[in-house]
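Data first, discussion second: the structure below is written as structure tokens.
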Amino acid sequence: QVQLVESGGGLVQAGGSLRLSCAASGRTFSSYGMGWFRQAPGKEREFVAAVSRSGGSPYYADSVKGRFTISRDNAKNTVYLQMNSLKPEDTAIYYCAAGKVYTSAGRDLYDYWGQGTQVTVSS
């Protein structure tokens, strides 16, 4: 069992930056691939970024490539999402997820989800 708690969301102006964190409970964090997803009002939850168990092979949605960076610190049981050059269309609730995957954009492949953190980007 893995419990995930996101933090770091907030209100930022377009062009600004935020860093999201996701803290995981348990001693098996390093055995899970980790992903970030987001859901805007009235839209499906969509993939943002994923990283392998070791922290390698980061994988991004085209919409965030070059602006967002995913990383993890297995010693701290934490995964991060650095978001730069934010746009109003990045406004959403951001969720982290853990799964027995390498890196995957497949929402159904993740077994554990956090409660989400709100990111709002004003124009």
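Net charge in the neighbourhood of Gln82 (other residues with Cβ under 11 Å of its Cβ; Lys, Arg +1, Asp, Glu -1) is +2. The stretch between Ser122 and Arg67 holds 18.1 nm of extra length on full extension. This uses 0.36 nm per residue minus the Cα-Cα distance. Derived scalar couplings between HN and Hα for the stretch 83-96 equal 10, 10, 6, 5, 10, x, 6, 7, 4, 4, 8, 9, 10, 9 Hz in order, rounded to whole Hz, by the Karplus curve 6.51 cos²θ - 1.76 cosθ + 1.60 (θ = phi - 60°), x for Gly and Pro. Taking all Cα pairs closer than 8 Å and separated by 6 or more residues, the relative contact order of the stretch 33-123 comes to 32 percent.
Distance between the 7 Å Cα→Cβ label points at Arg107 and Ser25: 2.5 nm.
Loop-located GluC sites (Glu not before Pro) across the stretch 1-108 with a Cβ neighbour count of 16 or fewer within 10 Å are Glu44, with loop assigned by DSSP. Along the stretch 114-123 the Karplus relation, 6.51 cos²θ - 1.76 cosθ + 1.60 evaluated at θ = phi - 60°, assigns HN-Hα couplings of x, 8, x, 9, 7, 10, 10, 10, 8, 8 Hz to successive residues, with x for each Gly and Pro.
Laboratory data are not the source of any read-out in this text; all were calculated from the coordinates shown. Fair warning: this is a prediction, and the values are worked out from it, not measured in the lab. Cβ atoms come from the backbone with ideal geometry, glycine included; neighbour counts cover every protein chain shown.
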